[in-house]
């Protein structure tokens, strides 16, 4: 089954549905012969899709809620690598991408404010691993959607989403309930 881990030594609070996100069951699919290839993700805005979880596998995923501080990046990397069960090269990619998304959540959202949190979820699905990083939403009333910036070698930073777009097999964003989720998938093969 799945697990929910809360990494918050400062205070305790009851778990809520917001901590792990709801999962809606899908009707069972007929068995297919052989693996079904999934389309490669592009960076076009029209290619964004909702997060779909195959609950038929019995694996509901693992969720970790971390304080929105930069020191937690290493904790998240180790946690995700241990749960993903990917070969070394893919595990390295997963750790790099989850670090980028966590750092972006801390730098560019309310998750980086005192008391802020970031929720990271990992799902081992048939033939792939899906990771979601959810922040507490943008500062103020100005909505912001994570996106790939135009390449500018003179600018410092701004390459995180480009790395996700280049290294993940699929990725996307979802804004819901004032929170922003960036997700990516890595194929096992």
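The values are calculated or read from the model by the stated rules, or taken from the named source; none is laboratory data. Model, not experiment: these values are computed from the prediction. Cβ atoms come from the backbone with ideal geometry, glycine included; neighbour counts cover every protein chain shown.
Here is a yes/no grid of residues against (1) under 19 Å from residue 76 (Cα atoms); (2) touching a strand residue (DSSP E or B) at 6+ places or on another chain (Cβ under 6 Å); (3) at pLDDT 95 or above:
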site: 121; (1), (2), (3): yes, yes, yes
site: 124; (1), (2), (3): yes, no, no
site: 132; (1), (2), (3): yes, yes, yes
site: 138; (1), (2), (3): no, no, no
site: 141; (1), (2), (3): no, no, no
site: 152; (1), (2), (3): no, no, no
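Quick check, is residue 95 farther than 25 Å from residue 178 by Cα, buried (at least 18 other Cβ atoms within 10 Å of the Cβ) and modelled with pLDDT of 80 or more? Taking the combined requirement at face value, the residue satisfies it. In the set (1) modelled with pLDDT under 95; (2) surrounded by 17 or more Cβ atoms within 10 Å (Cβ to Cβ), the condition left unmet by residue 72 is number (1). When segment 81-117 is filtered for residues that are touching a helix residue (DSSP H, G or I) at 6+ places or on another chain (Cβ under 7 Å) and under 17 Å from residue 127 (Cα atoms), the ones remaining, listed by number, are 81, 84, 86, 91, 93, 94. Would you check if residue 38 is at pLDDT 50 or above and either part of a loop (DSSP other than H, G, I, E, B) or touching a strand residue (DSSP E or B) at 6+ places or on another chain (Cβ under 7 Å) (or both)? Criteria not met by residue 38.
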